[in-house]
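K.L.:
First, the structure itself, so that you have it in front of you.
The values are calculated or read from the model by the stated rules, or taken from the named source; none is laboratory data. All values reported here derive from a predicted model rather than from experimental measurement. All Cβ positions, even for glycine, are placed from backbone atoms using ideal geometry, and neighbour counts span all protein chains on display.
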Amino acid sequence: MSNGKQLSKEIDANVPTAARMYDYYLGGKDNYAADREACEQLDKVVPSTRRLAQNNRRFLQRVVRTLTAEHGIRQFLDHGSGLPTQDNVHQVAQRHDPSAHVVYVDNDPMVLVHGRALLEQDERTAVIHADMRQTEAIFEHPDTQRLIDFDQPVAVLFNSVFHCIPDSDTDGPLAVVHRVLDRLAPGSYLVMCQLVSDDPEVRDFVTNFMDEATQGHWGRVREQKDVAEWFEGLEILPPGLVEVSNWRPDSEVTPRQLTYEWIEFGGVARKP
């Protein structure tokens, strides 16, 4: 889907979406039979996917907590936010500072419906319907303009979403990162991770399977070197780029990734 393409507002229960599959893996109820069937097929080849999704969610929560409590960030722009679940970005951030502002962005119409219902009474939070590649539309959206002051540091989240878009000189992950960075004040943060695998057979299988299952709404499973390229020129926070269950775990007994046929890989970085 290119930047200018009109997004559908119709929910198609027969075509799986990454947001609803993620919801299923997290134990949510906002998914359909097609989503659950796609997850079951995926599990036959990459059986660690449920744990991977759970660890990724915990990573997001730790990141938001760290940026709010330790780095003073009070503005979050969450691309490809997915369906609301427990401890969403605004809930984590607002526990540390009730004045924190959050804008969620997703192209799944179901996210729009459920997100707006959840946030109806919260004037500091909004959900907008857009493709994560539509940088100008996202940054210029009235809700974004109302809630985010881009003259001040902001945390921009691309948490487990870049595998949903293909490589492209104009709309691929690297191009999106550069467009976003150009609009951010120094001292802003980028949070980026995606599905990677060292096994070319796993990369090919999952990429082909998800592309067919979602009817083209998919990019590819990448390698760690691809993710590292997105962080070039940024100040990467310790512990660096890692499998996400190893990013500042709360304790030694924090659940970790059990198998490594594919992992969520990434980290957090500051714009100098």
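K.L.:
Among the residues of the range 181-208, write down those that are touching a residue at least 12 places away in the same chain (Cβ under 8 Å), of a type in the set (S, T, N, Q) and assigned to a helix (DSSP H, G or I).
P.N.:
Within the range 181-208, 207 is the sole residue that qualifies.
K.L.:
A further question follows. Only one of these conditions is not met by residue 211: (1) part of a loop (DSSP other than H, G, I, E, B); (2) under 19 Å from the mean Cα position of the chain (by Cα); (3) more than 29 Å from residue 126 (Cα to Cα). Which number is it?
P.N.:
Unmet condition: (1).
K.L.:
Considering only the range 217-245, how many residues are in contact (Cβ under 8 Å) with a residue 24 or more places away in the chain, within 16 Å of residue 174 (Cα to Cα), of a type in the set (Gly, Ala, Ser) and outside any loop (DSSP other than H, G, I, E, B)?
P.N.:
Summing the residues that are in contact (Cβ under 8 Å) with a residue 24 or more places away in the chain, within 16 Å of residue 174 (Cα to Cα), of a type in the set (Gly, Ala, Ser) and outside any loop (DSSP other than H, G, I, E, B) in the range 217-245 gives 0.
K.L.:
Restricting attention to the range 95-110, which residues are touching a Lys or Arg at 6+ places or on another chain (Cβ under 7 Å) and among the polar types (S, T, N, Q)?
P.N.:
99, the sole residue that qualifies.
K.L.:
Hey, does the range 52-75 have a residue that's without any contact (Cβ under 8 Å) to a residue 40 or more places away in the chain, exposed (fewer than 15 other Cβ atoms within 10 Å of the Cβ) and within 16 Å of residue 215 (Cβ to Cβ)?
P.N.:
no
K.L.:
Continuing with the same structure: Go through the range 24-60 and report how many residues are touching an Asp or Glu at 6+ places or on another chain (Cβ under 6 Å), modelled with pLDDT under 85 and within 25 Å of residue 246 (Cβ to Cβ).
P.N.:
Within the range 24-60, residues that are touching an Asp or Glu at 6+ places or on another chain (Cβ under 6 Å), modelled with pLDDT under 85 and within 25 Å of residue 246 (Cβ to Cβ) number 1.
K.L.:
So in the range 221-235, with the set limited to residues that are under 18 Å from the mean Cα position of the chain (by Cα) and more than 24 Å from residue 209 (Cα to Cα), which one is surrounded by the most Cβ atoms within 10 Å (Cβ to Cβ)?
P.N.:
For the range 221-235, the residue satisfying everything is 230.
K.L.:
Another one. Out of the range 105-133, which residues are out of contact with any helix residue (DSSP H, G or I) (no Cβ under 6 Å at 6 or more places or on another chain) and outside any loop (DSSP other than H, G, I, E, B)?
P.N.:
Scanning the range 105-133 gives 106, 109, 110, 112, 113, 114, 115, 116, 117, 118.
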